[in-house]
Amino acid sequence: MKKRRSKILYVDHKFCPGCGHGIVNRLVAEVLEEMNEDKGAICAVAVGCSSLMPDTYGVDIVQSQHGRAAAVAVGIKRCRPDNMVFSYQGDGDALAIGFSETMYAAIRNENITVILINNNNFGMTGGQMSPTTLENQRTTTSPYGRDVSLTGKPLDVMKLMGTLDVAYLARGTLTDIKEITKTKKYIRKAFEAQKNKAGYSLVEILSPCPTNWGMTPLNACKHINQVVQSVYPLGEYQGGGK
Amino acid sequence: MEKLIIHRESCKGCQYCIVNCPKEALTMTGPINIAGYMTTEVDADKCITCGICYNVCPDYVYEILEEEAKA
C-alpha cells in the first residue's frame with residue numbers, strides 16, 4: 001500500500017505541533033485528487049489559522065475578510081458552477097464573525113462545501129473565547145472559565161442547521177486512525193453532494209488545539225474523547241443515507 | 001518491497017504516530033531536527049508498512065514507497 005504525499009501539499013505547513021489543521025489539509029487534498037477535482041478546485045479562506053493556507057496549499061485560494069469566506073465561496077460557485085468550490089474556516093471565523101454569511105449560505109442551500117474546523121477557541125489570535133467554547137473552559141478572554149449565564153451555551157451548528165433544507169451535515173474528529181478515516185469519508189460525501197448539485201454541505205471537524213488549550217498533543221486528543229465529544233456528538237446529521 | 005520513509009525535517013514531535021502504531025515500531029529516538037524538535041525512528045523489523053503513521057501524522061513526515069524509488 002503505497003502512500004505518497006499529495007501534490008497539493010507542495011510545501012510544509014506552518015501550523016503548531018499536534019494541530020489538526022495539517023490532517024484536514026491532507027484529507028481534503030486526497031479527496032480532491034481521488035475525485036479528479038484537484039485542478040479546478042477553488043478554496044475560500046478568511047482570517048484565522050486557515051489564513052496560513054494560501055502560502056502552503058496548492059489549489060487556487062481567495063482570502064476574504066474575516067468571516068466572509070462562505071459568501072465569497074457562494075459568489076465563486078455562482079460564476080463557475082463546474083468548479084469544486086469550498087470554504088475552509090475555523091469556528092471563530094464561521095460561527096462568530098461570519099455567522100450571518102455561514103447561516104444564509106445554508107438557508108439558501110447554496111451549492112458549496114464548508115469545511116469547519118472546531119477547536120473551541122480563536123486559535124490564531126491567541127486563544128480567545130469563541131461561540132463553541134465549552135462551559136467553564138478557560139480562555140484568554142474567559143480566564144475564570146466560560147460563564148454560560150453571561151455568554152450563552154456552546155453553539156451546536158449541527159442542531160442549528162439540522163432544521164434547514166441542506167444536502168449534507170456531518171461532524172468528525174481526528175483523535176485516532178478510525179476517526180480520521182471516518183472524517184475523510186464525511187469530506188468525500190460532502191464534495192460528492194456538491195458535485196451532484198444537491199446543495200449545501202458542511203463537515204465540522206473537532207480538532208485538537210494543544211497550544212491554546214495548554215496541553216500536550218496527546219492530552220488534547222484525550223480531552224476531545226472525554227469532554228468535547230460529550231458536548232458535540234459525532235456522526236452524520238443530514239444526507240448520510242440513514 | 002515497500003519501505004517507510006521518514007522526512008525528519010518536517011517533524012514537530014507530537015507523537016501521534018507512536019501511540020497509533022499497531023506494532024510499536026516507532027520510537028522517539030531519532031535525531032533532533034533543524035527546527036529543534038525530537039524526531040522519530042522506525043524499527044524496520046517491526047514495521048509492516050500499514051500506513052497508519054502516514055494517516056495520523058499532521059506534518060506529512062511519513063511516506064511509504066517502493067524501496068528502489070526512495071530517492
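Okay, here's what the table says:
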read-out	value
Region A:145-230: C-alpha gyration tensor shape, a/c 1.5 cut-off, then a/b vs b/c	oblate
Average Cα contact separation per residue, region A:21-238, under 8 Å, 6 or more apart, as relative contact order %	18 percent
Prolate/oblate/rounded label for region B:2-69 (Cα gyration tensor, a/c 1.5)	prolate
Label zone at A:Ser230, where the point sits 7 Å out along the Cα-to-Cβ direction: region A:139-163 residues whose backbone N lies under 19 Å	A:139, A:145-149, A:153-156
Expected 222 nm ellipticity per residue - DSSP helices of 4 or more, -39500 (n - 2.57), all of the protein assembly as shown, to 500	-7500 deg cm²/dmol
In region A:141-227, chymotrypsin sites (Phe, Trp or Tyr not before Pro) in a DSSP loop with at most 11 other beta-carbon atoms within 10 Å	A:Tyr144
Where only C-alpha atoms are counted, convex hull volume of region A:21-238 per residue in Å³	109 Å³
Alpha-carbon radius of gyration plus Dmax, which is the widest Cα pair, for region A:94-214 in Å	15.3, 47
Given chain B, longest segment not containing exposed loop trypsin sites (Lys or Arg not before Pro) (DSSP; at most 14 other Cβ within 10 Å)	B:47-69
Under 5 Å, built H, 5+ apart or other chain: amide partners of A:Glu110	A:Tyr200
Test item: A:66-76 mean partner chain Cβ contacts at 10 Å	0
Flagged links, alpha-carbon separation over 31 Å, of A:Lys159/A:Lys185; A:Lys153/B:Lys23; A:Lys184/B:Lys23	A:Lys153/B:Lys23
R0 of 25 Å, Cβ-Cβ distance B:Ile34-A:Lys14: FRET efficiency to nearest 0.05	0.95
Cleavage-rule hits, chymotrypsin sites (Phe, Trp or Tyr not before Pro), region A:1-102, DSSP coil, Cβ neighbours within 10 Å at most 11	A:Tyr10
Region A:170-224: trypsin sites (Lys or Arg not before Pro) in DSSP loop, at most 11 other beta carbons within 10 Å	A:Lys197
Hydrodynamic radius of region A:14-111 per Kirkwood, over alpha carbon pairs, in Å	13.7 Å
Residues of region A:113-153 with amide N under 15 Å of a point placed 7 Å along Cα→Cβ from A:Leu164	A:113-116
Dipole magnitude of chain B about its Cα centre (Cβ charges: Lys, Arg +1; Asp, Glu -1), debye to nearest 20	240 debye
Residue-averaged beta-carbon neighbours from other chains (10 angstrom radius) around B:49-57	5
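We did not get these values from a lab; they are worked out from the coordinates using the rules stated. Remember, predicted model here, so these are calculated numbers, not experimental data. Here the Cβ is made from the backbone with ideal geometry for all residues, glycine too, and neighbour counts use every protein chain on show.
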